[in-house]
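These notes concern the structure reproduced below.
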Amino acid sequence: MRALYIGRFQPYHLGHQAVLEKIAGEVEEIVIVIGSAQDSHTPENPFTGGERMEMIYESLSECHLRDRCYVAPLQDIQRNSIWVSHLQSMVPRFDMVYSNNPLVVRLFSEAGVPVRKPPMFQRELYSGTAIRRLMREHKDWEGLVPDAVAAFIKEWGGVERLISVAKSDGA
Ligand code: ATP
Ligand code: MG
């Protein structure tokens, strides 16, 4: 069986990793889809699709899942009614989807694709929004992401990028 797991991964964090490890205990292969892959350099989406792909591949190596996962970037289309077909035309085939996102669950269910809801892992701690806020406030965030992700973000100057794109013209 092959499952699909979709997120924006801004950044990829230990909550995502915990979900993937859980999914890996239930199916043989996982297609990880990087959503809104075209977005970068904004407060909500600081990292490029390519940067996110590198973060994910490197982290998958750390947890020995790399040879069981595909990673595919996916651009947004502004038409939810045909989004599932758009996705299916761009990523490897899959048998089921793991998601808690209500829109994602709705769209796959309407398309007849089985959906499983993974448990949340310390959501108050492991959340992209919370991690980006910690980065902007110069607080500790490194322990909330895999070591490889923290190293990449520092190497790219990711925190400085996030802080500068979050400023307004007058700041
Ligand atoms: P953001 O706050 O930017 O939306 P996020 O932490 O929700 O970031 P996404 O990339 O949106 O990260 O997440 C992809 C999927 O992973 C979503 O379906 C989300 O519900 C799930 N997810 C995120 N954090 C956790 C967590 N701590 N435990 C389990 N699932 C999680
Ligand atoms: Mg989210």
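Things to note:
- Separation of the residue 129 and residue 85 label points, Cα + 7 Å toward Cβ, nm: 3.3
- Using θ = phi - 60° and Karplus 6.51 cos²θ - 1.76 cosθ + 1.60, couplings along the stretch 138-155 (whole Hz; Gly, Pro as x): 6, 9, 6, 10, 4, x, 9, 10, x, 3, 5, 5, 4, 5, 4, 4, 5, 4
- Shape of the stretch 19-104, Cα gyration tensor, a/c cut at 1.5: oblate
- Along principal axes, Cα extents of the stretch 60-171, largest first, whole Å: 46, 40, 26
- Tensor-based shape of the stretch 79-145 (alpha-carbon gyration tensor, a/c under 1.5 rounded, otherwise prolate or oblate): prolate
- Under 24 Å from the Cα of residue 167 - lysines, other chains or at least 8 residues apart: 139, 154
- Model label points for residue 137 and residue 151, set 7 angstrom from Cα along the Cα-to-Cβ axis, are 2.9 nm apart.
- Candidate cross-link partners of residue 117 among the lysines, defined by an alpha-carbon separation under 17 Å and a same-chain spacing of 8 or more, comprise 22.
- For the pair residue 122 and residue 66, a Förster radius of 30 Å applied to the C-beta separation gives a FRET efficiency near 0.80, rounded to the nearest 0.05.
- Computed over protein heavy atoms with a 1.4 Å probe, the accessible surface of the chain works out to 52 Å² per residue.
- Full extension of the chain segment joining residue 26 with residue 169 gains 46.6 nm, where the gain is 0.36 nm per residue of separation less the Cα-Cα distance.
- Using Cβ point charges alone (K and R +1, D and E -1), the dipole size of the chain about the Cα centre works out to roughly 480 debye.
The values are calculated or read from the model by the stated rules, or taken from the named source; none is laboratory data. Model, not experiment: these values are computed from the prediction. Quick reminder, even Gly has a Cβ in these numbers, built from the backbone with ideal geometry, and neighbours come from all protein chains shown. Surface accessibility is based on the protein's heavy atoms, side chains included, excluding ligands, DNA and RNA. Shrake-Rupley method; radii C 1.70, N 1.55, O 1.52, S 1.80 Å.
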